[in-house]
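Novice: Please find one structure pasted underneath; my questions will follow.
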């Protein structure tokens, strides 16, 4: 779910976590991995803005954190931006507060 929230393929997570693509697939099919590998994937997701949460009842979930200045962003082709910005990567220069 965290990987999907970012729009990452399993290969992208593997690349950013410095693990093999087969390792990500094994993890997502509920195979056991060594804790260091799980930590590497979690760090990669958190660095990209994912927050892992655990509720009082023991349930868990993920959400994306709000953008911060200097975060890297990519405009998707379907976003409402100038056509020349689609698929471009840039940095957030200002974040406006939400009401």
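Novice: Taking 0.36 nm per residue of sequence separation and subtracting the Cα-Cα distance, how much length would be gained by fully extending the chain between residue 67 and residue 32, in nm to one decimal? Don't skip to the end; give the middle numbers.
Specialist: Numbers: separation 35, 0.36 × 35 = 12.60 nm, distance 3.26 nm.
Answer, rounded to one decimal: 9.3 nm.
Novice: Sorted by average packing, counted as other Cβ atoms within 10 angstrom per residue and highest first, what order do 9-16, 53-60 take?
Specialist: 9-16, 53-60
Novice: Could you calculate the contour length gain from residue 47 to residue 12, that is, 0.36 nm times the residue separation minus the distance between their Cα atoms, to one decimal place in nm?
Specialist: 11.3 nm
All of the numbers you see were taken from the coordinates with simple rules; none came from a lab. These figures come from a predicted structure and were not determined experimentally. Cβ: placed from backbone, ideal geometry, glycine included. Neighbour counts: every protein chain shown.
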